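The values are calculated or read from the model by the stated rules, or taken from the named source; none is laboratory data. Predicted model only: the values in this text are computed from it and were never measured. Methodologically, a virtual Cβ is constructed for each residue, glycine included, from the backbone with ideal geometry; neighbour enumeration extends over all protein chains shown.
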Amino acid sequence: MKSAPSKKSFFSVLFFSLFSCLFALPGVTKKIPDLSGQFVYYEDKSFERESYFGIIFYDEGTYGLRYFAPSKTDVKPLLPKKDIQILFSLDITKKYVELTGERIISAITPEDTDIINYLHDMLYELTARLQKASPNGFIEDKITVPQEFEQFGGEVKVNFDPLIPIFNVKSIEDSTGKIVFNLVTAGQLSSSSDENFSAFEGLPVKTEDQHSFSLNKKAEKQKITYKKTSGYTQKITLDSQWTAKAENFYTLSNSAILAFDVIDLSKTDSAQKANVSNTLLQKFTLGTDGTYPYSQLQKLETSASGTKVSNLFFNDISKSFTRDFKILTQLDENHLAIMSLTVFQGVYSKNSKYFDSVLKSYSAK
């Protein structure tokens, strides 16, 4: 598990990074504007081999597109790995996609012409799908829209979700109801390097790791109360196995970290304040620093304690898996409470009832 950030800045850094460099596709108005460095990957099942389509948003008018197919050694002739990336620049004064330049940033062969054309087409087509889904491409909530899409056989249903960056597309179903284009993962670059985007080569099918922790079921219960802002209290029940690193930050050996805090929005611009909750929820669904979420396994649940976001992340650097839980509670128009629990998958899978009870014990009022 990564080393923890400064306890006092754990959520303040998250919050103040939300509204820098906000963009959207040409001719599109976003409920949650795209942030520079956000990317998404889809599996495109219209290909005969395992194939991924990815797009990254660098800055206004600059996008990177990538086609990736892993090597396939169980067929003859053998299929080598295919990795093609193109950098596109767009005319930002237009309400439709008009390219002003492109640069192929990977090695190609004459046989790759079809893939290059495919990347061009997908940029045009997916932008058009979003624009046609609603006025100005504004996706307010999850919706399913019947459309025509030749890449996938003609008549399709496009499933949109405003939490998904760039195209807002979650999946595409063909006329038989089969998923032919499916969101796999999404992320946010944390630096100017695009390694987290260009290093993606699919997600492991096996998600268990070797991390373990022996729980002491007789450990003394500890009721934790945190009051950062007058009038609001966050409570959670832990036990003596947890170590306090700060009054709102705890660790369970090297197996789990837990933090909670209240964000003050009183000095936030009113236009941005209205959308902070949605932007934070999107942030919780994205990977960064070599981690990739299993987007199809994500869950958002709303209850009296707030909105809980559950994720499974793969860390491509350590080759480990973590379960991540965030609970977001709107206290009033100027205050948001956040609770975060991250635990290694191997530890969680063997002790899920214990960690679920910790989550259920949390409240923010």
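Any residue in the range 295-306 that is crowded, with 20+ Cβ neighbours inside 10 Å, out of contact with any His (no Cβ under 9 Å at 6 or more places or on another chain) and assigned to a strand (DSSP E or B)? Yes, the conditions are met somewhere in the range 295-306. Scanning the range 243-256 turns up at least one residue that is in a loop (DSSP other than H, G, I, E, B), at positive phi and among the small types (Gly, Ala, Ser). Condition (residue is loosely packed, with under 15 Cβ neighbours inside 10 Å, touching a helix residue (DSSP H, G or I) at 6+ places or on another chain (Cβ under 9 Å) and either within 22 Å of GLN188 (Cα to Cα) or not β-branched (Val, Ile, Thr) (or both)) applied to the range 307-323: is it met by at least one residue? No, the conditions are met nowhere in the range 307-323.
If you filter the range 77-113 down to residues that are of a type in the set (Lys, Arg) and either not in a loop (DSSP other than H, G, I, E, B) or not assigned by TED's automatic domain parsing to the domain that holds THR185 (or both), you find that the one that is surrounded by the most Cβ atoms within 10 Å (Cβ to Cβ) is LYS82.
Residues in the range 224-253 that are under 14 Å from THR342 (Cβ atoms) and either modelled with pLDDT under 95 or hydroxyl-bearing (Ser, Thr, Tyr) (or both): TYR250, THR251, SER253.
Considering every residue within the range 301-315, establish whether at least one is in contact with a Gly (Cβ under 8 Å, 6 or more places away or on another chain), more than 25 Å from PRO33 (Cβ to Cβ) and either modelled with pLDDT under 95 or polar (S, T, N, Q) (or both). Yes.
Each row is one residue, and each column tells you yes or no for (1) farther than 19 Å from ALA259 by Cα; (2) in contact with a His (Cβ under 9 Å, 6 or more places away or on another chain); (3) free of Cβ contacts under 8 Å to residues at least 40 places away in the same chain; (4) not polar (S, T, N, Q).
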{"position": "SER318", "(1), (2), (3), (4)": "yes, no, yes, no"}
{"position": "PHE321", "(1), (2), (3), (4)": "yes, yes, no, yes"}
{"position": "LYS326", "(1), (2), (3), (4)": "no, no, no, yes"}
{"position": "GLN330", "(1), (2), (3), (4)": "no, no, no, no"}
{"position": "LEU336", "(1), (2), (3), (4)": "no, no, no, yes"}
{"position": "SER340", "(1), (2), (3), (4)": "no, no, no, no"}
{"position": "GLN345", "(1), (2), (3), (4)": "no, yes, no, no"}
{"position": "TYR362", "(1), (2), (3), (4)": "no, no, no, yes"}
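When residues in the range 69-87 are screened for being of a type in the set (A, V, I, L, M, F, W, C) and in contact with a Leu (Cβ under 6 Å, 6 or more places away or on another chain), 1 of them pass. Can you find even one residue in the range 57-76 that is among the β-branched types (Val, Ile, Thr), surrounded by 18 or more Cβ atoms within 10 Å (Cβ to Cβ) and either modelled with pLDDT of 95 or more or closer than 30 Å to GLY137 by Cβ (or both)? No: the range 57-76 contains no residue that is among the β-branched types (Val, Ile, Thr), surrounded by 18 or more Cβ atoms within 10 Å (Cβ to Cβ) and either modelled with pLDDT of 95 or more or closer than 30 Å to GLY137 by Cβ (or both).
Suppose the filter is in a loop (DSSP other than H, G, I, E, B), out of contact with any Phe, Trp or Tyr (no Cβ under 9 Å at 6 or more places or on another chain) and either surrounded by 13 or more Cβ atoms within 10 Å (Cβ to Cβ) or not charged (D, E, K, R) (or both); does ASN216 pass it? Answer is yes for this residue. Sub-7 Å Cβ pairs linking a first residue in the range 20-34 that is closer than 17 Å to LYS273 by Cβ to a second residue that is modelled with pLDDT of 90 or more and among the polar types (S, T, N, Q), at least 6 apart or interchain, are LYS31/ASN278; ILE32/ASN278; ILE32/THR279; ILE32/GLN282, ordered by first then second residue. Residue count for the range 273-292 satisfying the condition of being within 14 Å of LEU336 (Cα to Cα) and in contact (Cβ under 8 Å) with a residue 40 or more places away in the chain: 8. On inspection, SER190 does not qualify as part of a strand (DSSP E or B) and touching a residue at least 24 places away in the same chain (Cβ under 8 Å). Please tell me if LYS350 is under 21 Å from ALA219 (Cα atoms), surrounded by fewer than 22 Cβ atoms within 10 Å (Cβ to Cβ) and without any contact (Cβ under 8 Å) to a residue 24 or more places away in the chain. No; evaluated as a whole, the condition is false for this residue.
Restricting LEU35, LEU90 to those that are closer than 25 Å to GLY202 by Cβ, within 25 Å of the chain's Cα centre (by Cα) and aliphatic (A, V, I, L, M) reduces the list to LEU35. For GLY290, the conditions (1) surrounded by fewer than 16 Cβ atoms within 10 Å (Cβ to Cβ); (2) within 29 Å of GLN188 (Cα to Cα); (3) not aliphatic (A, V, I, L, M) all hold with the exception of (1).
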